Structure formats: C-alpha cells, structure tokens
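Asks: This is the structure, below, for whatever I ask next.
The values are calculated or read from the model by the stated rules, or taken from the named source; none is laboratory data. Keep in mind that what you see is a predicted model, and the values were worked out from it rather than measured. When we count neighbours, we look across all protein chains shown, and the Cβ atoms used for this are built from the backbone with ideal geometry, even at glycine. Just the protein is used for accessible areas: all its heavy atoms, side chains included, with ligands, DNA and RNA removed. Shrake-Rupley method; radii C 1.70, N 1.55, O 1.52, S 1.80 Å.
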Amino acid sequence: MLKSPDYITARDLLLENVCPVGTEAVPLSGCAGRVLAQELRAAENVPAFDRSAYDGYALCWGDVQAASRETPVTLEILEEIPAGSVPAEAARSGCAFKVLTGAPVPPGTDAVVPFERTEFTGRTVTVFSPVSRWANVVRAGEDVRAGQLLAAAGTRIDPGLAGTLAAQGITGPLVFRRPVVGLISTGDEVVEAEAELAPGKIRNSNRYTLEAALLAAGLQPRYLGLAGDREEEIRDRLEQGLADCDAVMLTGGVSVGDYDRTPAAMEAAGAEMLIRGVRLKPGMACAFGCRDGKFLFALSGNPASSLTCFYAVALPALKKLAGRRDPVPQEFPVILADGFTGRSPVTRLLRGRLDLTGGRAAIRLPASQGNVVISSAAGCNVMAIVPGGSGPLAAGTVLNAFSLD
C-alpha cells in the first residue's frame, strides 16, 4: 500500500489497475455521451455522388472558358434535376442542366454556375464569365471517404460523431455500459438534505455534489445511503455496493481520528488497500482499495476536499472504467487573474473559472478555496496546479491547469 504519494502517482496507480466494464449495443438516438467500444470505419463515401452546392446550372467548364460580358456563352438546357432525382439525359458539349441545391451533378459536367450569375429562359442559360473546374460542386467523398477511420474505440459520441455515424447507416453502435458507482455517505453528524437540522448536524451535500460530477462524466451514480461512524454499518453498505455496482465511492471517515472508520471497514469488506492519503491540498485525506476487480474510492467528508480529490485522482480511473481512451485530462497554461495569498507546502489545486477575455487563458479564483466551502465551486470549470513548496502567488503567475470535464 502506498502512503501519501503525490496525486499523480496515486492517479496513475489506479489507472494501471482498472479495466473497462462490459459493452452493449444502443440505438444511436440514445448514444449522446456514450463511449464507443469498437473502431468504426466508413463503408461508403459521403456524399455518395457529386452534388450541386447551389441552385444553378451544371455544365462542362470548358464550354464557358471564353465567356465574358462582351462575348457571353449561351447553352441549351437539357433538363431540370431537383434534389433526390437523377439525370435522365447524358451530358454533351454546349448544353447544361438546371440543378437544385443537393441534386446530383450529371456525369460529364464538372462545374455549377449559380442562378444569380446567369440569364436564363425555359430553354437556355447564358453565362457571362468563365468558371474553374469543379466550382460549386460538392465532390463524392468530400465529407468522408470509404475506408476512413470514423472513430477509435474509447471515443465519446458527440453531435458531430452521431451525425457521421448516421450518414453511414450505423444506427446501433457497440458502446461501453455506463458504470454504476455506488455512493455512501458516512458520519453520525450527517443527515439527509430534506431533514430538519438538529443541533450539531449537517445536511448531506456530498451525495448531490458527487452525483452531479458522476453524471457529467457519463457515469451512473446509485445512492446507497448514510452509514454513520460505525465500522460494521459502513462495511455492510460497502458489501451492498460491491454486489450491485461497478465501483463504490464513500465520503467521510478517512482521516486518523477515533471515529474515522472507513479504511477499517474497507479492509473488513475484503478490500486490498492500495493508497492511504495523498500529498494534495485540499483532498489529502482519502483511501483507495480494490476487491474482486472493483474499486473503492474513499474521499474526505469535507465537501471541497472530496470534490478536488475526485477530479484529480478518482475521475481518471472512473473514465477508464467507462471505456474512455483519454482518461487523463490535458494540461494547459493559465494566468492567475488575481493573486493567491496562501502557501502550498504540498501540491495545491485551485478551483476557478476559465476566462478567455483578450485572447489569453486566465483563471479567476472564487473568494474562498477552503476545504469545507463548496459554494465557491459553483460555476468553476478548471483547476490550476500550484507546485508543492510554493509561497503566495502574484497576479500574472502562469500555472498549468486542467479542465473539469
């Protein structure tokens, strides 16, 4: 078991040991945000034929190369081709086809002149300037070519990919199941959010914070209830979660006090302990274990601490569990819009809002970064990494950051 590694080491250890869940075929209409479990290649060109980009006239570009206002070229119109139709006549020199947007460009023609650049009657069209070959023609395969890689396994389906798959007739892709993550809250002081507050009690905000974070990441949270501070009760909840879920996440009871019984309960449930604590602020108090291939993520009971450790250490492993091929967030530089007065003896993660005003990436910090302050996380979409050993930071300091997606 690793004791108090840096958060990168802890994250990477979990990533090394987690495997994606099973797969299922799902109708494309319900696949937004799902993760592909197969590599998909194009079976056909999109579009499948050369088509007109505008309402106009399809013609042979060579027929109008000498066209000008002084010497216009007049062509015979052979037929009209609306979108969804195919030409009945063959192209020939000196002739043109009236085509509507999206209509097939007849074989033998290789340019389209928009209506507004011509003069026409029911039988002829007059062109007043030359055109380049394939002007205003969407070529077959311009969007996608047969054999092209559409998406690798582990790709999350977004609107663009959904449309790309539909254009190939792929309406039931194989995707990874959405992992079910059981949530357990501990602590005798914790009551459900709807309860009346008695003296000394606090409402269970961690449940809803982590439910929202899991849903945003494409996972399925399942609340398993409150477990108090008793080892046996926590163990029983863990057993339920290990039986019914793909992973279990707990909050509270992971420090070193007399009532911090979560790690002991994890061991009593048969979990192999992998990590105890990380060098990270906030989020230092935590524990991670595994039983029968299922991971247990025990986070601090302090709301901001649990959320920070969730994003930094737990979420990459959960993304891999969900089949994502990109579980580790990419880092990018940001500028501190305002100074930060705290000292950081260990790595610190600052939550904030990304600000792109003026063409630069800056992070704007909320008023408080306290361990128990969850309200300041509202609207935050990025975390900046302050290296361990840093003192107060001036406005304009450049830090690496990662997005909370």
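Asks: Looking only at segment 330-346, decide whether some residue is part of a loop (DSSP other than H, G, I, E, B) and among the acidic types (Asp, Glu).
Replies: Taking every residue of segment 330-346 in turn, at least one turns out to be part of a loop (DSSP other than H, G, I, E, B) and among the acidic types (Asp, Glu).
Asks: Any residue at all in segment 273-283 that is in a helix (DSSP H, G or I) and surrounded by fewer than 20 Cβ atoms within 10 Å (Cβ to Cβ)? Write out each step before concluding.
Replies: Within segment 273-283, the first condition is being in a helix (DSSP H, G or I), and the residues that meet it are none.
Taking every residue of segment 273-283 in turn, none turns out to be in a helix (DSSP H, G or I) and surrounded by fewer than 20 Cβ atoms within 10 Å (Cβ to Cβ).
Asks: Grab the strands (runs of 3 or more DSSP E) fully contained in segment 2-114, keeping just those with 3 or more residues being surrounded by fewer than 19 Cβ atoms within 10 Å (Cβ to Cβ) and out of contact with any Pro (no Cβ under 8 Å at 6 or more places or on another chain).
Replies: 73-81
Asks: Under 9 Å by Cβ, and 6 or more places apart or on different chains, what pairs join a residue from segment 372-401 that is without any contact (Cβ under 8 Å) to a residue 24 or more places away in the chain with one that is assigned to a loop (DSSP other than H, G, I, E, B)?
Replies: Note: pairs meeting the criteria are SER375/PRO366; SER375/SER368; ALA378/PRO366.
Asks: If I filter segment 350-370 for residues that are surrounded by 12 or more Cβ atoms within 10 Å (Cβ to Cβ), of a type in the set (Asp, Glu) and in a strand (DSSP E or B), do I get at least one hit?
Replies: Yes, there is a match, as at least one residue in segment 350-370 is surrounded by 12 or more Cβ atoms within 10 Å (Cβ to Cβ), of a type in the set (Asp, Glu) and in a strand (DSSP E or B).
Asks: Return the only residue of ALA193, ALA166 being farther than 20 Å from GLY289 by Cβ, over 18 Å from the mean Cα position of the chain (by Cα) and assigned to a helix (DSSP H, G or I).
Replies: Within the list ALA193, ALA166, the selection yields ALA166.
Asks: Working carefully through the options GLY187, GLY200, GLY218, find the one that is more than 25 Å from the chain's Cα centre (by Cα), crowded, with 16+ Cβ neighbours inside 10 Å and in a loop (DSSP other than H, G, I, E, B). Break it down into steps so the answer makes sense when it comes.
Replies: On the way: GLY200 fails: crowded, with 16+ Cβ neighbours inside 10 Å; GLY218 fails: more than 25 Å from the chain's Cα centre (by Cα).
Residue meeting the stated conditions: GLY187.
Asks: Being open to solvent by 40 Å² or more (accessible area, probe 1.4 Å) and either farther than 13 Å from VAL26 by Cα or in a helix (DSSP H, G or I) (or both) is the filter here, so list the residues in segment 169-182 that pass it.
Replies: Hit for segment 169-182 is GLY169, nothing else.
Asks: For ARG353, are the conditions met, namely being touching a Cys at 6+ places or on another chain (Cβ under 9 Å), charged (D, E, K, R), more than 30 Å from LEU242 (Cα to Cα) and modelled with pLDDT of 95 or more?
Replies: For ARG353, the condition - touching a Cys at 6+ places or on another chain (Cβ under 9 Å), charged (D, E, K, R), more than 30 Å from LEU242 (Cα to Cα) and modelled with pLDDT of 95 or more - is met.
Asks: Is segment 297-319 home to any residue that is open to solvent by 20 Å² or more (accessible area, probe 1.4 Å) and hydroxyl-bearing (Ser, Thr, Tyr)?
Replies: Within segment 297-319, one or more residues are open to solvent by 20 Å² or more (accessible area, probe 1.4 Å) and hydroxyl-bearing (Ser, Thr, Tyr).
Asks: I would also like to ask the following. Out of the residues in segment 251-268 that are over 34 Å from the mean Cα position of the chain (by Cα) and assigned to a loop (DSSP other than H, G, I, E, B), which is surrounded by the most Cβ atoms within 10 Å (Cβ to Cβ)?
Replies: Going through the qualifying residues, I end up with ARG261.
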